[in-house]
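Below you'll find the structure, written out as structure tokens, and then a few comments.
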Amino acid sequence: MSYPVTFEVNYPERLSRAKLLLKAFFGWFYVGIPHGIALWLYGIAAGIVTFIAFFAILFTGKYPRGMFDFVVGYQRWQNNVTAYLLFLRDEYPPFSGD
């Protein structure tokens, strides 16, 4: 069966213990604050775009490509930050939706 959405996190062969301790005690500060503020603003914009896209889909039957890419970028960025904060990744998350 093919799923329309997949979420993959590659298994890290080795994690840095120093980074793990740093993340455990200070991760919410040095990741949560800059990414949190940016994601909060991006999330508001994504919510507005989603609301507008609802009517575009209702009347045209298509999700406008630019709006779709904008919301997908937000979801990717949010998932990257969440994976980092939940110790699934060792690399600092980028400030982008790539």
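Being surrounded by 12 or more Cβ atoms within 10 Å (Cβ to Cβ), modelled with pLDDT of 80 or more, part of a loop (DSSP other than H, G, I, E, B) and not basic (Lys, Arg) holds for only one residue in Tyr84, Tyr63, Tyr42, Tyr74, and it is Tyr63.
Within region 45-55, the set of residues being of a type outside the set (Val, Ile, Thr) and loosely packed, with under 14 Cβ neighbours inside 10 Å comprises Ala45, Gly47, Phe51, Phe54, Phe55. I want to confirm something. Restricting to region 63-98 and keeping residues that are free of Cβ contacts under 8 Å to residues at least 24 places away in the same chain and among the hydrophobic types (A, V, I, L, M, F, W, C), which single residue is nearest to Glu8 (Cα to Cα)? This residue is Leu86.
Hey, can you tell me all the residues within region 1-28 that are among the aliphatic types (A, V, I, L, M) and either loosely packed, with under 10 Cβ neighbours inside 10 Å or touching a Leu at 6+ places or on another chain (Cβ under 9 Å) (or both)?
Passing the criteria: Met1, Val5, Val9, Ala18.
Evaluating Arg14 against the criteria (1) in a helix (DSSP H, G or I); (2) over 14 Å from the mean Cα position of the chain (by Cα); (3) of a type in the set (Lys, Arg) leaves one unmet condition, (1).
Pairs linking a residue in region 28-43 that is under 12 Å from Pro94 (Cα atoms) to a residue that is assigned to a loop (DSSP other than H, G, I, E, B) and of a type outside the set (Phe, Trp, Tyr), with Cβ atoms under 8 Å and 6 or more positions apart or on different chains, are Val31/Pro93; His35/Pro93.
The values are calculated or read from the model by the stated rules, or taken from the named source; none is laboratory data. These numbers come from a predicted model, not from an experiment. In this analysis, Cβ positions are derived from the backbone assuming ideal geometry, glycine residues included, and neighbour counts consider all displayed protein chains.
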